[in-house]
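**Q** Questions regarding the structure given below will be posed in turn.
The values are calculated or read from the model by the stated rules, or taken from the named source; none is laboratory data. Values in this document were obtained by computation on a predicted structure and should not be read as measured data. Counting neighbours? That spans all protein chains shown, and the Cβs are built from the backbone with ideal geometry, glycine included. Areas reflect the complete protein model, heavy atoms only, side chains present, ligands, DNA and RNA absent. Shrake-Rupley method; radii C 1.70, N 1.55, O 1.52, S 1.80 Å.
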Amino acid sequence: MKLFRPKSILRLILTGFALVALPLIAALVVTTVSVDRLVTHGQEALLQSVLVTQGSQQVVEAVKAMERKARQDQVLGDEVLFDVYAEHHERFLDTVRALESLEIRSQQLDLLRELRVLEDEVHTVLDTYPHDASEVVDVLPVFVELARLGQQSLVDSQQLITIGVEEMQTASAGVKRTLVIQAAALVPAVL
């Protein structure tokens, strides 16, 4: 077996430098990729949490606004009040659809579907019957349940932030372990 023997001092120095530098370069590349993945995952989780929390807050506000306008319309019978209620209804639906399109837990999806179905029942009654009909009076208390479900959705979305932080801590601990192992392996390799 013939070993590589450089024919000049310059080649010997360059070969030695390359043998020392290659493991360091490889470690830097692996470290950069790991940290980049960690940062990307963290940004995505943060953005997702913010969008879900904002959307849940908008759902709560829309339910309050719909209830206020529906009750005013029930008492006054003013078509303008019902039109404003209908606008809030559309915003509610848009927000729920936007939330359902995000990557959220199945528990939250179920809650959003329940909210949408219950609100649709209320909207159907309000849209079908005159403002002073007994059906309208009977359906207005459902807004209390809608408000409770909206609030639960908001609480669940805020828990997403806690879950995201815990996942980031776990992932960063894994990256830290990997970097320590790489550093420990590089020292003998470089020596």
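**Q** Over the chain, what percent of the accessible surface lies on carbon and sulfur atoms, probe 1.4 Å? Numbers along the way, then the final one.
**A** Numbers: 7660 of 12300 Å².
Carbon and sulfur: 62 percent of the exposed surface of the chain.
**Q** Further question: Return the long-range amide H neighbours of residue 105 (sequence gap of 5 or more, or a different chain), with a cut-off of under 5 Å between placed amide H atoms.
**A** Those lying under 5 Å, H to H, from residue 105: there are none.
**Q** May I ask you to compute the full-extension gain from residue 148 to residue 100, defined as 0.36 nm times their residue separation minus their alpha-carbon distance, rounded to one decimal in nm?
**A** Numbers: separation 48, 0.36 × 48 = 17.28 nm, distance 1.86 nm.
Extra length available between residue 148 and residue 100 comes to 15.4 nm.
**Q** Could I ask something else about it? Using a simple spin-label model with points 7 Å from Cα along the Cα→Cβ vector, what separation in nm is obtained for residue 113 and residue 17?
**A** The two pseudo-label positions are separated by 6.5 nm.
**Q** Order the peptides 76-84, 11-19 from the highest to the lowest mean number of other Cβ atoms within 10 Å of their residues. Working shown, then result.
**A** Working: 76-84: 14.0, 11-19: 11.3.
My ranking of the peptides, most packed first, is 76-84, 11-19.
**Q** In square nanometres and to one decimal, what's the mean projected area of the convex hull around the Cα atoms of the range 1-71?
**A** Values: hull surface 31.7 nm².
Answer in nm², one decimal: 7.9.
**Q** Taking the chain as the reference, fit the longest principal axis to its C-alpha atoms, fit the long axis of helix 79-101 to the helix C-alpha atoms, and give the angle between the two in degrees, 0 to 90, nearest 10.
**A** Roughly 30 degrees, rounded to the nearest 10.
**Q** With a 1.4 Å probe and every protein chain left in place, work out the accessible area per residue of the chain in Å², rounded to a whole number.
**A** 64 Å²
**Q** Can you give the three extents of the C-alpha atoms in the chain along their principal axes, from longest to shortest, in whole Å?
**A** 102, 24, 24
**Q** Follow-up. Each label point is 7 Å from the Cα along the Cα-to-Cβ direction; what then is the distance between the points at residue 28 and residue 124, in nm?
**A** With each label placed 7 Å out from Cα toward Cβ, I get 6.6 nm.
**Q** While we're here: Set the Förster radius R0 to 45 Å, insert the Cβ-Cβ distance between residue 80 and residue 46 as r into 1/(1 + (r/R0)^6), and round the FRET efficiency to 0.05.
**A** According to the calculation, E is roughly 0.65.
**Q** Ranked by accessible surface with a 1.4 Å probe, highest first, in what order do 85, 129 come?
**A** On the way: 85 0, 129 95 Å².
Correct descending sequence by accessible area is 129, 85.
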